Amino acid sequence: MASDIKKFINPKFIRTIDLGLMKDLFARHFGEDDLPVTFDGDLAEIREALKQYFDAPVTEWSEGVIADLHRVAELGTGEGMQIILNEARRQGVVLYPDPEPDDEDQSTSKREAKHVALHTYLHHHGVFEAAADFQALRAPTAMAEFRGPERDVQADLTEDATARFRAEMVQLLEQDLRGQYCRLGSYADDEEINLAVSHGTPIVTTPVLVGDQEQIIPLQEVKYAVLRYTPVEGLLRIGGVAKARQADVAELFAKHVLDRSGFFSGKDARDLYTLDPISEAGPDFAFDHAFDERILEVRIVAAAADLFERDEEEQKWRHVRSWVSRDASGAALQHFRGSEVRFGRGWRLGEITCRVFFRTETKRPAQVTARLKPPGTLAFRRTRFEKAVHALFARNGLEKDRDAGMVVDTAE
């Protein structure tokens with residue numbers, strides 16, 4: 001963690017950063033008369049003083065400065081800068097108005113990603129926080145999915161509802177030693193409701209070397225939990241939450257945001273996917289993607305089969321061993337043909353990983369790698385092809401028909 005910050009505050013950063021930004025950063029944590037660096041005088045001397053400050057061991061840095069730099073580093077990348085610019089446009093914020101004519105330190109690199117992130121963090125904090133939320137919403141690859149028993153259940157994102165949700169989230173975080181910091185950002189995206197919950201992590205101690213001595217510094221990062229709810233489907237996706245807490249967070253969302261306590265606690269709430277169509281077809285299964293002209297090819301690059309045997313004494317099935325096949329060409333399933341795997345005879349297909357190739361305006365197709373592990377995991381990086389990936393699995397019978405289950409429940 002300390003080494004990451006050292007890489008962020010590298011010599012090039014010190015040579016080119018807007019000194020006004022660094023003064024503002026230090027002023028957040030020191031009094032005007034107690035700044036560790038004097039920002040008046042010769043520019044070269046100021047940069048040398050900054051270099052000396054950051055050359056010192058991290059244990060001598062301000063803990064507040066360390067925390068701020070961790071936040072800035074999250075968005076101090078090319079991708080992060082684009083998210084910041086998009087959010088600034090959305091909010092109608094001009095990040096850089098016309099420069100003052102007497103600005104003596106108009107560095108040509110002020111528009112580099114690190115500098116933009118720091119400028120936005122210090123002077124347009126609302127834009128920065130929203131950009132950090134959007135980055136978090138895009139980041140999770142494995143999201144837990146909870147499906148309610150009804151469709152078209154609307155979310156209540158009023159201030160009272162979200163305040164109650166946040167208050168109980170704080171209680172959960174405190175139980176897991178994550179502190180009381182909790183910020184909630186809510187965003188509507190087409191037919192989906194997105195919540196980004198930034199929170200603290202358990203304090204960790206990191207050893208750093210000071211000369212020939214080892215010292216310990218405490219650090220607490222900011223992490224994100226994301227919730228994505230589709231009212232028309234009654235479907236909630238949760239990312240960035242420990243598996244043991246996912247059901248708790250889903251219940252808080254149902255209780256406060258949907259006003260439907262227990263909405264995601266039904267026996268079928270996590271039973272969303274199946275690999276039965278592939279098991280029935282065997283090694284010759286191939287995805288049908290003709291319904292979407294954007295999809296060029298679907299390759300099954302990995303598959304795992306599990307052997308179970310019935311333990312009559314304990315009256316339950318016992319896992320014996322697994323057989324994993326990988327083939328980047330897309331023939332992973334076909335390798336089962338010459339193996340001991342025989343689906344339906346104690347062997348069950350446990351999961352598959354496929355690579356979906358999408359036609360784009362460039363010469364190279366876009367790729368999305370998705371891992372499906374029933375009953376409730378479909379993991380892939382959320383991109384502009386997210387809906388197409390879900391449609392691909394649904395059209396090939398790998399997504400369970402919730403309406404059929406509802407009909408059975410009604411009849412019973």
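Shape call for region 1-137 from the C-alpha gyration tensor, a ≥ b ≥ c root eigenvalues: rounded (a/c under 1.5), prolate (a/b greater than b/c) or oblate?
Oblate shape, in that a/c is at least 1.5 and b/c is the bigger or equal ratio.
Based solely on its DSSP helices, what 222 nm [θ] is calculated for the chain when runs of n ≥ 4 H residues each add -39,500 (n - 2.57) and the sum is averaged over all residues, nearest 500 deg cm²/dmol?
One gets -10000 deg cm²/dmol as the mean residue ellipticity at 222 nm.
Taking only protein heavy atoms and a 1.4 Å probe, what accessible area per residue, in Å², does the chain have with all protein chains in place?
Accessible area per residue, the chain: 53 Å².
Under 5 Å between amide hydrogens, which residues at least 5 positions from Gly350 or on another chain qualify, with H placed 1.01 Å from N in the peptide plane?
Under 5 Å from the amide H of Gly350: Ala304, Ala305, Asp306.
Quantify, in whole percent, the carbon and sulfur part of the accessible surface of region 1-77 (1.4 Å probe; protein heavy atoms only).
Carbon and sulfur together cover 47 percent of it.
Quick check: the angle from helix 386-395's long axis to the longest principal axis of the chain, C-alpha only, nearest 10 degrees?
Rounded to the nearest ten degrees, it is 10.
For percent of Cα pairs over 39 Å apart, several values are listed as (i) 17; (ii) 43; (iii) 35; flag the one computed from this structure.
Correct label is (iii).
For the chain, the longest stretch holding no chymotrypsin sites (Phe, Trp or Tyr not before Pro) located in a DSSP loop with at most 16 other Cβ atoms within 10 Å is which?
40-180
If I fit a long axis through the Cα atoms of helix 125-138 and take the longest principal axis of the Cα atoms of the chain, what angle between them do I get, 0 to 90°, rounded to 10?
Taking Cα atoms only, the helix is inclined about 30 degrees.
Nearest 10 degrees, 0 to 90: what angle lies between the long axis of helix 78-91 and the longest principal axis of the chain (Cα atoms)?
That helix lies at roughly 90 degrees to the long axis.
When the accessible area of region 289-412 is computed with all protein chains present and a 1.4 Å probe, what percentage of it is carbon and sulfur?
Answer for region 289-412 is 47 percent, counting heavy atoms of protein chains only.
Which listed residue (Phe253, Ala67, Gly282) has the Cα farthest towards the positive end of the charge dipole for the chain, taking +1 on Lys and Arg C-beta and -1 on Asp and Glu C-beta about the Cα centre?
Of the options given, the answer is Gly282.
What is the distance, in nm, between label points placed 7 Å from the Cα along the Cα-to-Cβ direction at Trp317 and at Arg90?
Inter-label distance under the simple model: 4.3 nm.
Suppose R0 equals 22 Å; then what is the FRET efficiency for Ala56 and Arg138 from their Cβ-Cβ distance, rounded to the nearest 0.05?
For Ala56 and Arg138, the calculated efficiency is 0.05.
The values are calculated or read from the model by the stated rules, or taken from the named source; none is laboratory data. Fair warning: this is a prediction, and the values are worked out from it, not measured in the lab. Quick reminder, even Gly has a Cβ in these numbers, built from the backbone with ideal geometry, and neighbours come from all protein chains shown. Side chains are part of the model used for accessible areas, which takes the heavy atoms of the whole protein and leaves out ligands, DNA and RNA. Shrake-Rupley method; radii C 1.70, N 1.55, O 1.52, S 1.80 Å.
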